[in-house]
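Values quoted throughout were computed directly from the atomic coordinates according to the rules given, and no laboratory measurement underlies them. As the structure is a computational prediction, the values presented were derived from the model and not from experiment. Neighbour counts are summed over all protein chains in view; Cβ atoms, including those assigned to glycine, are modelled from backbone coordinates with ideal geometry.
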Amino acid sequence: MHRFSSIARVGAVFGAFALAVAIHQSPTQASDVEASATYRVVFVPSWNPTNHPTDYPFSHAKQGLLTPVIGATHGKDFKLFAAGMKPTPGLERLSEMGKHDPLDAEIRKSIQSGKASTLIEFADASPGPVHPPVSHTFHIEASQSMVSLAGMIAPSPDWFYGVSAVELRAGGKWAASMTVDAFAWDSGGDTGTTYMSEDADTMAKQATRLLDNDVFTRNGHRVPVGVFIFTRVPSM
Ligand SMILES: [Ca+2]
């Protein structure tokens, strides 16, 4: 009888303890879940002779290539690229040669200084003129909830495609999904005017700008070279 009631008391105490733990943990767990998120991003290219007929580089050995994407998750003090901003050596080399080096080192330096948090590098390019979608999964923190991505349009003097400072969190909530046009940009590192222009290194560097020449506009409107589709997925 005594022994039985002891067990009952232990059970009651344990039950109360478990309830206390549950009450204590549920808000913590919820905020932990919201403090970071995992997204799958798919790049769906639309750069092809139909959408971009002017000078489309059919004769080039690669018949047009959207080189693998590099980028970062970051806060407001980091810019992979921006209209009016001169290109870093890393952005210039990405836009002229498709190389991730030294842009990757620049991003790592920003991570060390607390301005960015994750380096993103897609494994695959989008070879043309029929471009299959490519994708990548990345982790992002609520404290640095923006993402920027870029890759080279090849061949080209210094043109790249990308998105800058896409905010994946608004009103304290992660976006379930978001689709963002990827336009063609001129990094400002070279003065060439069409895909196959000879190298003409620009000194001093010009500001990065959206391309609004005949190659990437139609009827006065810029024609994107693809879309980035961000979809939140269960955390890694
Ligand atoms: Ca240029």
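Once you order the gyration tensor axes a ≥ b ≥ c over the Cα atoms, which shape class does the range 92-236 get: rounded for a/c under 1.5, otherwise prolate or oblate by comparing a/b with b/c? Prolate.
Highest mean packing first, where packing is the average number of other Cβ atoms within 10 Å per residue, the peptides 147-159, 184-196 line up as 147-159, 184-196. Highest mean first, the peptides 83-89, 198-204, 168-174, 94-100 sorted by other C-beta atoms within 10 Å per residue fall in the order 94-100, 83-89, 168-174, 198-204.
For LYS115, the lysines whose Cα falls under 20 Å of its own Cα, not counting residues fewer than eight places away in the same chain, are LYS76, LYS79, LYS86.
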